[in-house]
1. Tally up the carbon and sulfur contribution to the accessible surface of segment 279-343 as a whole percent, 1.4 Å probe, everything protein left in place.
2. Sorting check: for 143-151, 248-256, which peptide has the highest mean count of neighbouring beta carbons within 10 Å, and how do the rest follow?
3. Taking the highest mean first, how do the peptides 195-201, 179-185 order by number of other beta carbon atoms within 10 angstrom per residue?
4. Restricting things to alpha carbons, tell me how big segment 279-343 is in terms of Rg and Dmax, in Å.
5. Could you do me a favour and compute the accessible area per residue for segment 279-343, 1.4 Å probe, result in Å²?
6. Output the pairs from K148/K188; K166/K261; K148/K249; K216/K249 with a Cα-Cα distance over 19 Å in this structure; if there are none, say none.
Amino acid sequence: MDPFVHSSLRSKHRGRISSRLTWLDNSTGNDALIEQGRRCPKGPQCHSRMSVPIQKQEVELLYKELLQGQESFRQNCDRGCRETAFIYAITSAAVTHAVARSCSEGSIESCTCDYSHQAVAPSPGPGPGLVRDWEWGGCSDNIDFGFKFSREFVDTGERGRSLREKMNLHNNEAGRAHVVAGMRQECKCHGMSGSCTVKTCWMRLPNLRAVGDSLKDRFDGASRVMVGNAGSTRVNAAGKKNRYNFQLKPYNPEHKPPGPKDLVYLESSPGFCERNPRLGIQGTHGRQCNDTSIGVDGCDLMCCGRGYRTQEVLVTERCHCTFHWCCEVICKTCRSKKTVHTCL
């Protein structure tokens, strides 16, 4: 593995990636083509377009590009500010969501749909005689497996010994909590002519965009916690330390303690208006903004009060795209005039 990639990963993550690279080392070209064939099961033309075997270097390059992309905010992530809190929470939520959904889709061999609800009888209906008008069935997203996997993978190395590690653990748990809280019941009707005599119901994950919006609201109201209130990790009934069983206290004693779905941070955010290469901050000079928005993308906030420039530009973009079997997307080129607002 590339030394840059290897040094940037924690030991547990290295083990998971190394197993994949070992398979690539021991695989022949035919094995790689079989793997590609599994990804593209339909259409021989598709296989011909994927005739180049998967290479070990491609896997390493993928992780290297991912880690290099993080360099733009890595130094900022080292600070315990509210932006860091959001990054940890949305990452944990995304892993939980992706794994839980993949289980129900059959993409992961070690887990299946969540059938635990089917063992529990639903509550009686409100009608005469308390007759039940629906029952559990279908394939529920396996949120329990996704939650446990996220804890094992995302929380690797977070022992909960320092206040910063407690902050990271709290925000990781908050991200997962928002995914769990967004689980909803979906039903399908059964009966003659769609009469819905009986309904079969299952649990479905929320849209990840909805989870992100909810975490963004928590980001705006994140709680600052005091440096001196790290506390100690409590011991559970089995005599083992539980790194998740702690309570952070607010920086302002008049504020309520942060809840399980709240985001927490330790220090104020750095200024993002001006360029600061040492912290990896690019500044907002030259950024495009929305002159009608009152949010963070609005010109008033984005430009930090410096004002903005308005100009009309000719934009060339792809349009009227169509898919041709197999596997090509052909688009036309369209030109249009757009009004662009740029921060001074």
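1. Numbers: 2340 of 4620 Å².
Ligands and nucleic acids excluded, carbon and sulfur give 51 percent.
2. Values: 143-151: 20.9, 248-256: 12.7.
Output ranking for 143-151, 248-256: 143-151, 248-256.
3. 179-185, 195-201
4. My reading of the Cα-based Rg and Dmax gives 17.1, 51 Å.
5. Values: 4620 Å² over 65 residues.
Computed with neighbouring chains in place, this is 71 Å² per residue.
6. Values: K148/K188 29 Å; K166/K261 14 Å; K148/K249 26 Å; K216/K249 22 Å.
Pairs exceeding 19 Å: K148/K188; K148/K249; K216/K249.
The values are calculated or read from the model by the stated rules, or taken from the named source; none is laboratory data. Quick caveat: nothing in here was measured; it's all calculated off a predicted structure. In this analysis, Cβ positions are derived from the backbone assuming ideal geometry, glycine residues included, and neighbour counts consider all displayed protein chains. Surface accessibility is based on the protein's heavy atoms, side chains included, excluding ligands, DNA and RNA. Shrake-Rupley method; radii C 1.70, N 1.55, O 1.52, S 1.80 Å.
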